[in-house]
Amino acid sequence: MIDGQLLQVAIRRSSGQQQQQQPLLLFNGIGANWELAKPFLEALTRTTAIIFDVPGVGGSPRPLLPYRPSRLARLAAALVAELGYTEIDVAGVSWGGGIAQQFAHQYPKLCRRLVLAATAPGFTMVPASPAVLWKMATPRRYTDKDYMNRIAADIYGGAFRHDPSLIGRHAATMHGARNLGYLFQLLAMSGWTSLPWLWSLPQQTLVLMGSDDPLVPPVNGHILAGLIPNAELRMIDDGHLFIVTRPVETAAAIEAFLADTSRRVEPSPPLSRMANWVRSLVSTFGERRDAQSQQEGRK
C-alpha cells in the first residue's frame with residue numbers, strides 16, 4: 001500500500017559487479033503490465049530497476065476516481081521513499097514518457113537523470129495518423145489476440161512489420177489492460193503538455209526514438225531534445241516498441257548514458273534557459289509543420 005493505493009511492484013536487482021548507485025524507475029506504456037518490459041529489464045547488466053503497474057492496470061487495482069500525471073508522480077515518489085532511496089534515475093516509455101517528464105519536473109532533486117523513449121510532450125505532439133490513433137483508442141489489442149495480429153505492424157512498425165512471430169510473443173505477455181483502467185490512462189493525459197516547462201528541466205536527458213514509429217513520429221524526439229536544455233537524441237532503427245524488440249541495444253544505450261561520469265550539467269540563469277527554449281520552440285514547431293506537410297503529401 002503506497003499513499004492509500006495498492007500497487008503491483010517489481011524490482012529487478014542488478015547482479016553485476018559494477019552497479020549503478022541510483023536505481024532506475026521505469027514508467028511503462030499505456031495499458032501495459034510490468035511483464036511487458038521484462039526483456040528490457042533482463043538486459044540491464046548493472047542497474048537495479050523498479051517498475052510498477054499503474055492503478056487500473058495489471059496487478060494494481062483501479063482507483064475510485066481518475067487521476068492526473070501529477071498524482072502518479074506523487075505516488076511514484078512515495079514508492080521511492082518507501083524503498084529507501086533519496087535519488088534515482090527515471091525512464092518512461094511512450095505514455096509513460098509523459099509521466100517521467102512530469103516526475104522530473106515535479107521532483108527535480110529526486111530525479112538525477114532522465115530517459116525518454118518513444119514519447120512526446122503531450123497533446124502538443126506531432127500526432128500519428130488518424131487510422132493509427134483509432135486503433136489505440138481502446139484496449140482491444142490486449143484482450144483480442146487475433147485483432148492484435150492484424151494491427152500490430154500498423155501501430156508499432158519496425159520489427160513487427162518483418163517478423164510475425166514477435167506479435168505472438170508480445171501478445172502472450174499482455175494481461176493487464178481493463179476498460180476503465182485504460183480509460184483512466186487516456187484521461188490522465190487529456191490536455192496535458194510539458195511544453196511550458198521543458199526549458200526548466202535540470203536533468204541530463206537521453207531521448208530515444210524509433211526511426212519507423214507510426215504511433216509517435218520521430219519528429220517528437222527532435223522537439224523534446226530541442227527544448228530540454230541538457231538533452232541528446234538517439235535514433236534506433238526500429239519501431240515504437242524497440243525497448244521490447246531490441247532490449248539489449250536499448251539497455252546498453254541507457255546504461256552507458258547513466259554511467260557516463262564525464263557528463264556535467266552546466267548551470268545557467270533561468271532567463272537564459274527560457275530564451276534558448278523560445279528559440280528552440282520556434283525551430284521545432286517549424287519542424288512539426290514540415291512533418292505534417294510531409295504526412296499529408298504521402299496521403
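The numbers here are math on the coordinates, done by the rules we state, and not lab data. Keep in mind that this is a model prediction, so the values were computed, not measured. FYI the Cβ positions are ideal-geometry reconstructions off the backbone, even for glycines, and counts take in every protein chain you see.
Just a few scattered comments:
- Candidates per trypsin sites (Lys or Arg not before Pro) in segment 96-151, loop by DSSP, up to 16 other Cβ within 10 Å: Lys109
- Sparsely packed GluC sites (Glu not before Pro) within segment 1-103, loop by DSSP, other Cβ within 10 Å at most 14: Glu87
- Once C-alpha pairs closer than 8 Å and six or more residues apart are averaged by separation and normalised to the residue number of segment 1-79, the relative contact order reads 41 percent.
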